[in-house]
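Notes follow the structure.
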Amino acid sequence: MVRIARSLALGLATLPLAACATLMPSEQPVSVTGSVTYRERLALPPTAQVEIRIDDVSLADAPSRTVARQSFTADGRQVPFAFRLTVDRRQLDPRGSFALSARITDASGRLMFITDTRNSISFDDRPAIDMGTITLVKTH
């Protein structure tokens, strides 16, 4: 009986420490997923570069600040391209305004496809946000 009481007391004493070790939902990173595509029936060159960004676009008279970015080479693959960006919630201003943008360039950096609409992101307490399919437009 004494052994059970000691085990119970020890377990209860360590419970507050375990609670301190877990992150609150507002501190955990958030995962933003989706895919990018375009409507034209064109094959990308294997050296095409794909870039997806989440920017803080809160200030109208100042450059946006990139919060998360993913870029990769197509390596012969074609659209749609899946993406997953991880955002540290602690770096987000709760009053901020955030948008996702994407672009595809050729090996020399010439723009081929880009987003032409605003894709707003509302960061709330969700651990994951699915942006669905983002459609890019041809630039030339």
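Looking at the structure I just gave you, is Arg84 in a loop (DSSP other than H, G, I, E, B) and open to solvent by 40 Å² or more (accessible area, probe 1.4 Å)? Write out each step before concluding.
On the way: in a loop (DSSP other than H, G, I, E, B): no; open to solvent by 40 Å² or more (accessible area, probe 1.4 Å): yes.
Taking the combined requirement at face value, the residue does not satisfy it.
Restricting the search to region 37-76, which residues are of a type in the set (Lys, Arg) and touching a residue at least 12 places away in the same chain (Cβ under 8 Å)?
From region 37-76, those of a type in the set (Lys, Arg) are 39, 41, 53, 65, 69; that's our starting set.
Those that are of a type in the set (Lys, Arg) and touching a residue at least 12 places away in the same chain (Cβ under 8 Å): Arg39, Arg53, Arg69.
From the list Ile134, Ile121, Ile114, pick out the single residue that is touching a Leu at 6+ places or on another chain (Cβ under 8 Å) and without any contact (Cβ under 8 Å) to a residue 60 or more places away in the chain.
On the way: Ile134 fails: without any contact (Cβ under 8 Å) to a residue 60 or more places away in the chain; Ile121 fails: without any contact (Cβ under 8 Å) to a residue 60 or more places away in the chain.
None of the other options fit; the residue is Ile114.
How many residues does region 90-119 hold that are under 24 Å from Pro29 (Cβ atoms), among the small types (Gly, Ala, Ser) and modelled with pLDDT of 95 or more?
4
Checking the condition over 16 Å from the mean Cα position of the chain (by Cα), assigned to a loop (DSSP other than H, G, I, E, B) and acidic (Asp, Glu), which residue from Asp75, Asp124 passes? Walk me through it before giving the result.
On the way: Asp124 fails: over 16 Å from the mean Cα position of the chain (by Cα).
Of Asp75, Asp124, the one residue that is over 16 Å from the mean Cα position of the chain (by Cα), assigned to a loop (DSSP other than H, G, I, E, B) and acidic (Asp, Glu) is Asp75.
The values are calculated or read from the model by the stated rules, or taken from the named source; none is laboratory data. As the structure is a computational prediction, the values presented were derived from the model and not from experiment. Reconstructed Cβ throughout: ideal geometry from the backbone, glycine too, with neighbour counts over all protein chains shown. For accessibility, only protein heavy atoms count, side chains too; no ligands or nucleic acids. Shrake-Rupley method; radii C 1.70, N 1.55, O 1.52, S 1.80 Å.
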